[in-house]
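In what follows, a structure is listed as structure tokens, so that the remarks can point back to it.
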Amino acid sequence: MLTAFAILVDGLVFASWLFIVALGLTLIFGVMKILNVAHGSFYAFGAYVAANAIGVYYEAGLPPLGGFALMAGAALVVGVVLGTALERGLLRFMYGRDEVLTALVTFAVFLMMEDVIILVWGADPFFAYQPYGLLGVTEAGPLVLSNYDLSLIGLAFTLCAVTWWVLNRTRQGRLLIAVIHDRELAAAFGINVTRMFTLTFVIGAMLGALGGAVTAPMISVTPGIGVEVIVLAFAIVVIGGMGSIWGAVIGAVVVGVSRAAAVHLLPQVELFVIYAVMALVLAFRPEGLFSRAQARKI
Amino acid sequence: MKSTIATKSRGGRARLLGLAAAATLAATIAPGATAQGSLKVGIVGFYTGAAAGPFGIPARNAAELVIEAMNAGKVPAPYQSAGAGGLQIDAVYIDESGGTAKVVTDYRNAVQRQGVEAFVGYISSGSCLAIAPVAEELATFTILFDCGTPRIFEDASYTYVFRTAATATMDGVGAARYVAAKFPDIKNYQGINQNYAWGQDSWRDFELAMKALLPNAKSEDSLFPKLFAGQYGAEISSLSVKRPNVLHSSLWGGDLESFVLQSSARALNRQTTMILTTGETTMFRLGSKLPDGIILGARGPYGVYARDSELNTWFRNAYQDRFATPPTYPSYQMAQALLGLKIAYDKAATAAGGSKPTSAQAADGLAGAEYEAFGTTVKMALGNGRQAITETAYGLSKFDKETGTATITDIIRFPAECVNPPDGAKSVEWIQGGMQGAKCD
């Protein structure tokens, strides 16, 4: 019983973290059809900026809860600055070209950003541990659960709800859905597709940076943290269906719970299980769990 | 890559100082004749990527410091003669990142295009396994300074390849001996190690040694999170449910620090005694965030475990002054490898009679040597005199609130012959056989 409870909680916490990281990636692909490998850079920059800001903030002895606002601020700044720079400075020249070529361009950006991180912050790690202990722990028998970890479930749920609300209940969201369905037709109806692209990319970058910012207090922020994240985020997006928000939710939950079950019950297959789930899904639904079949234009 | 280029010969001074040292110290480390000119040495390590912070940069820092001092003849006795065999060391720093194919290509390019004559480097066991046969093929004197796999000299025989640090077998056996000495009544133990060769081998050696030393303690299913996982929530829950008395881990770098941060927030350190075989690299960075009572290793008697000596005092102070942090074990291992290079070329210079020594002469100079390094005595005792053994040490973490520094208590030292297999024995078989012939008194 205790193990089942631990699997459920661990699975949901990990799924929430995966969803926060993958949401921006799937949003950008859904709207822009860009497989954005540089999403890992947004994550890493979000973590570094948040870690630096949190370090300075707590050294100054300011109110502890303000550290959480700093994390959101870091995501906002990184998303706006890097997202705008990358979309306006580079990706807009790639629109209309082969999607594989665009993916390679974002991969090149990702590699360069890894070196930029070392140039700016060096190779030594950064710690921003204060917010992690601030929320305390919850004891469930022998299990001691971090409330910070549990709060990720709430954050993921909130992001999911807000994304649904924006897409389905706001004018901008409906315009975005129109672009997702058919960008040419949307442009023909007078929607400023270029502006929607920029907006979507910046929001996607902010979500990637938010993933890094909320992860920073849990880890040692070191060069290379974006690499592993982008691989996992891609797995989630592929399982759920490229560009599907609900797909990302279900993909994250399936992977999160599967991995937690493996760690508790059969640790030898922990590494294997994420990719086994992905292979299984792709074998039966090559387009992912929630991706709609696309009509081919002639 | 930054390189230090110095060509001025200081052979005369080296000869005089060498003779002075010979009066009081082993003749093997005093050059009888010195060559003139420079020796181009490749210094290889992870200078980018996740391993740069904990290993590559501290090693490079040590290399810069020691080479500069060596060239100036400022390393304390018995190494006060300038250069290596009178040759000024011209360092070429080469990044180990990028995989074994790139590492091998870089090695070949360095030898064949840049004219690099000797190497000191390599952190990853994968790199070492790939480089050793290439070094042999190119007949280039190469000292491996950090990588842990015992397979290098157990599976092959080399002329030009050396390793001046002990293998990872010592870490596992030393850890098990510490547990057996301090916690002989434990009921069970478990591991959390990265899912690649280093993590798998580290757990295997520890588990085998524990079975030999504490056969009544139960080995639980070990956890193998992937390299650079960063998130250990499920693993910490699993360990909290199973509650092993002792938890072994060879996690390193960001993975280790992330695990410590997450597990201490969830009080895992109060439920189990952790043993972190590379923990010394992170104790100063984590500071008060590293809980008390964790068993820390340093892959040998380095860093906080280094023995007091004039050499150690000089190295420690010079490093602290220059880099504003104490040297950790990768720094010590790099520094002691450079002493090995110096010994090899000092001796080879004598054999060469004033000419520039060949790689073969340098290899003859270091084979079977025994020398005092910054932390301990290095004995080139295995692999036909090409693989070092050293003593090792483990202790418990203790944060000193008064001084605000991380310290170690309850240190136990294990002699080299207690934690390393004898020459000719294979590590795994030696441990499985109950570590026959170990001399621990």
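The values are calculated or read from the model by the stated rules, or taken from the named source; none is laboratory data. Bear in mind that the values here come from a model prediction, so they are computed numbers and not experimental data. Note that we place each Cβ from the backbone using ideal geometry, even for glycine, and neighbour counts take in every protein chain shown.
Taking the criterion of being surrounded by fewer than 22 Cβ atoms within 10 Å (Cβ to Cβ) and touching a strand residue (DSSP E or B) at 6+ places or on another chain (Cβ under 6 Å), no residue of segment A:220-261 qualifies.
Restricting segment B:40-88 to residues that are within 14 Å of another protein chain (Cβ to nearest Cβ) and assigned to a loop (DSSP other than H, G, I, E, B), the residue that is modelled with the highest pLDDT is B:F46.
Listed here are the residues, each with its yes/no results for (1) assigned to a helix (DSSP H, G or I); (2) touching a Gly at 6+ places or on another chain (Cβ under 9 Å).
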{"position": "A:F19", "(1), (2)": "yes, yes"}
{"position": "A:G24", "(1), (2)": "yes, yes"}
{"position": "A:I28", "(1), (2)": "yes, yes"}
{"position": "A:N36", "(1), (2)": "no, yes"}
{"position": "A:F42", "(1), (2)": "yes, yes"}
{"position": "A:P63", "(1), (2)": "no, no"}
{"position": "A:T84", "(1), (2)": "yes, no"}
{"position": "A:F93", "(1), (2)": "yes, no"}
{"position": "A:T102", "(1), (2)": "yes, no"}
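Answer yes or no: is there a residue in segment B:295-307 that is among the small types (G, A, S), within 11 Å of another protein chain (Cβ to nearest Cβ) and touching a strand residue (DSSP E or B) at 6+ places or on another chain (Cβ under 7 Å). Scanning segment B:295-307 turns up no residue that is among the small types (G, A, S), within 11 Å of another protein chain (Cβ to nearest Cβ) and touching a strand residue (DSSP E or B) at 6+ places or on another chain (Cβ under 7 Å). Summed over segment B:233-249, residues that are more than 7 Å from chain A (Cβ to nearest Cβ) and of a type in the set (G, A, S) total 1. Acidic (D, E), crowded, with 20+ Cβ neighbours inside 10 Å and either facing another protein chain (nearest Cβ under 10 Å) or closer than 30 Å to B:M283 by Cβ (or both): does that describe A:D149? Judged against the criteria, A:D149 is a match.
Of the residues in segment B:147-171, how many are outside any loop (DSSP other than H, G, I, E, B) and closer than 25 Å to B:K439 by Cβ? Residues that pass the stated criteria total 10. Identify the residue in segment B:178-196 that is charged (D, E, K, R) and touching a residue at least 24 places away in the same chain (Cβ under 8 Å) and, among all such residues, is surrounded by the most Cβ atoms within 10 Å (Cβ to Cβ). That would be B:K182. Picking from residues in segment A:128-146 that are free of Cβ contacts under 8 Å to residues at least 60 places away in the same chain and assigned to a loop (DSSP other than H, G, I, E, B), the one that is surrounded by the fewest Cβ atoms within 10 Å (Cβ to Cβ) is A:G136.
Counting only strands (runs of 3 or more DSSP E) that sit completely within segment B:328-441, those holding 1 or more residues that are farther than 29 Å from B:A77 by Cβ correspond to B:392-400, B:405-414. Restricting B:G199, B:G230, B:G174 to those that are more than 14 Å from chain A (Cβ to nearest Cβ) and either assigned to a loop (DSSP other than H, G, I, E, B) or buried (at least 24 other Cβ atoms within 10 Å of the Cβ) (or both) reduces the list to B:G174.
Residue selection: A:A252 satisfies the criterion of being within 14 Å of chain B (Cβ to nearest Cβ) and in contact with a Ser or Thr (Cβ under 8 Å, 6 or more places away or on another chain). Restricting the first member to segment A:163-190 and to residues that are assigned to a loop (DSSP other than H, G, I, E, B), and the second to residues that are surrounded by 14 or more Cβ atoms within 10 Å (Cβ to Cβ), the beta-carbon pairs closer than 8 Å and six or more apart or on different chains are A:F189/A:A178. Taking first residues from segment B:133-148 that are in the same structural domain as B:G45 (by TED's automatic domain parsing) and partners that are acidic (D, E), the Cβ contacts under 9 Å between residues at least 6 apart in sequence or on separate chains come to B:T140/B:E117; B:F141/B:E117; B:T142/B:E136; B:G148/B:D171; B:G148/B:D201. Checked against the criterion of being buried (at least 24 other Cβ atoms within 10 Å of the Cβ), assigned by TED's automatic domain parsing to the domain that holds B:V179 and not polar (S, T, N, Q), the candidates B:P415, B:P357, B:P421 yield just one match: B:P421. Listed by first and then second residue, the pairs linking a residue in segment A:220-234 that is within 7 Å of another protein chain (Cβ to nearest Cβ) to a residue that is buried (at least 24 other Cβ atoms within 10 Å of the Cβ) and of a type in the set (D, E, K, R), with Cβ atoms under 6 Å apart and 6 or more places separating them unless they lie on different chains, are A:S220/B:E257. Would you confirm, using the coordinates I've provided, whether A:L266 is modelled with pLDDT of 90 or more and surrounded by fewer than 20 Cβ atoms within 10 Å (Cβ to Cβ)? Yes; evaluated as a whole, the condition is true for this residue.
Taking segment B:203-227 as the range and being more than 9 Å from chain A (Cβ to nearest Cβ) and either among the basic types (K, R) or assigned to a helix (DSSP H, G or I) (or both) as the test, the residues that pass are B:W203, B:R204, B:D205, B:F206, B:E207, B:L208, B:A209, B:M210, B:K211, B:A212, B:L213, B:K218.
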